[in-house]
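Novice: Quick one: the structure is below, questions incoming.
The values are calculated or read from the model by the stated rules, or taken from the named source; none is laboratory data. For clarity, every value in this text was computed on a predicted model and none was experimentally measured. Here Cβ is always computed from backbone atoms with ideal geometry, including for glycine, and neighbour counts include all displayed protein chains. For accessibility, only protein heavy atoms count, side chains too; no ligands or nucleic acids. Shrake-Rupley method; radii C 1.70, N 1.55, O 1.52, S 1.80 Å.
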Amino acid sequence: MTYSRFLELFPDNDACLEYLKAKFFGDGTPCPKCERPSKFHRISGRSAYSCQFCGHHVYPTAGTIMHKTTVSLQLWFFAIYLMSSTRCGISAKQLEREIGVTYKTAHRMFKQIRTLLAEDDDGKLSGDVEVDESAYGGKPRAYDTRRKLGRIRKTHKPTILAMVERKGRVRPLVIPDRGSRSIHMAVTQHVLEDSMLFTDEWNAYQTIAGRYRGHRRIKHLAKVYVDGETHTQTVEGFFGLFKNGVRGVYHAISTTYLQNYLDEYAFRYNRRFSSQPMFWAFLERVEKAQPRLASQPHGS
Ligand SMILES: [Zn+2]
């Protein structure tokens, strides 16, 4: 998706509104009021359309992140375009420069676009699944772990647990700490029991292994990183991508939004083999976030 193609498709606010209207209130969509399959006609001068039968007004942006904001619809679309067309994401600072909104506005827009990217529950991970955890801001070294963390489970830094299917999906989660309890809860919730787990030698994984089809541990302490099929390079690759991206684009990110940033990275990662341009994948999410049922009294 090139910039000129973007401008061709969305030259102004009306074009963006038309896009949303076609998505949510295309011809034949039951009118929220009279419930008849209707055509909706644009009401001139307003961001609304009216039902051909009863004249009920519908608003294509209602319930979306773009509704009643100070930012124009085209700028929202452009922000999505920018965010989706870079491999590692774009910072609010860059957006501020690109589209001329204030930093505060840019930050808020990104935050909201990111909330759309959280994966729907598309089933537990399965097959060969690599699991690894990392303190945000650096993993405690094995040496520190033995010496200092032997009894201390809680680190002050948030822990990111990433679970990755080889050649498949990733699920990164912010968890309270790297203790067994937190790790067990996350892994059992997200990884199918019939899976083969690949981890390092951290104790928390050892004690969960019995629930799974198999468990291979890589002996990082002995400086072994790959032993045939046994490695955790896929999950380490994801961490590398995330950390480089954060360092390069955002410099540092608030832990409050850490999960949202992880979701953004996971969203890209999970679509790395998809032929659908990222822009449309992002834009589709606007549709999904629309609580359309709210305006349908009888919920057909
Ligand atoms: Zn109607």
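Novice: How compact and how long is the chain, expressed as Rg and Dmax of its alpha-carbon atoms in Å?
Specialist: So, for the chain, Rg and Dmax equal 23.0, 75 Å respectively.
Novice: What percent antiparallel are the DSSP beta bridges of the stretch 158-255, to the nearest 5?
Specialist: The answer is about 65 percent antiparallel.
Novice: Once amide H atoms are built 1.01 Å from N in the peptide plane, which residues 5 or more positions from Ala48, or in another chain, come under 5 Å H to H?
Specialist: Ile43
Novice: Now for a separate question. With angles folded into 0 to 90 degrees, how steeply does helix 278-288 sit against the dominant principal axis of the chain? Use alpha carbons for both and round to 10.
Specialist: 70
Novice: As a test question: what accessible area, to the nearest 10 Å², does Glu96 have when a 1.4 Å probe is rolled over all protein chains in place?
Specialist: So the heavy atoms of Glu96 present about 50 Å² to solvent.
Novice: Post the alpha-carbon centroid distance, the stretch 15-36 to the stretch 172-207, in whole angstrom.
Specialist: 45
Novice: Right, here's the next one. Which order, highest average first, do 193-200, 215-222 follow once you tally other Cβ atoms within 10 Å for each residue and take the mean per peptide?
Specialist: Sorting 193-200, 215-222 by mean packing, highest first, produces 193-200, 215-222.
Novice: Turning to a different aspect of this structure: What pairs in Lys111/Lys167; Lys39/Lys111; Lys111/Lys157; Lys21/Lys124 have C-alpha atoms more than 25 Å from each other?
Specialist: Lys111/Lys167; Lys39/Lys111; Lys21/Lys124
Novice: Let me ask another. With every protein chain present, what is the per residue accessible area of the chain (1.4 Å probe, Å²)?
Specialist: Heavy-atom SASA per residue in the chain reads 52 Å².
Novice: Sticking with this structure for a sec: Amide H neighbours of Leu125 under 5 Å, at least 5 residues apart or on other chains, H built in the peptide plane: list them.
Specialist: Val191, Leu192
Novice: Now for a different question. Please list Lys167, Lys111, Lys33 from largest to smallest accessible area, probe radius 1.4 Å, with all protein chains kept in place.
Specialist: Lys167, Lys33, Lys111
Novice: Sticking with this structure for a sec: Are there cysteines in the chain with no other Cys C-beta under 4.7 Å, and if so, which?
Specialist: Cys16, Cys88
Novice: Leaving out ligands, DNA and RNA, and with a 1.4 Å probe, what % of the accessible surface on the stretch 1-45 is carbon or sulfur?
Specialist: That fraction is 50 percent.
Novice: Mean separation of Cα pairs under 8 Å and 6+ residues apart, divided by the residue count of the stretch 21-133: what relative contact order is that in percent?
Specialist: Rounded, it is 12 percent for the stretch 21-133.
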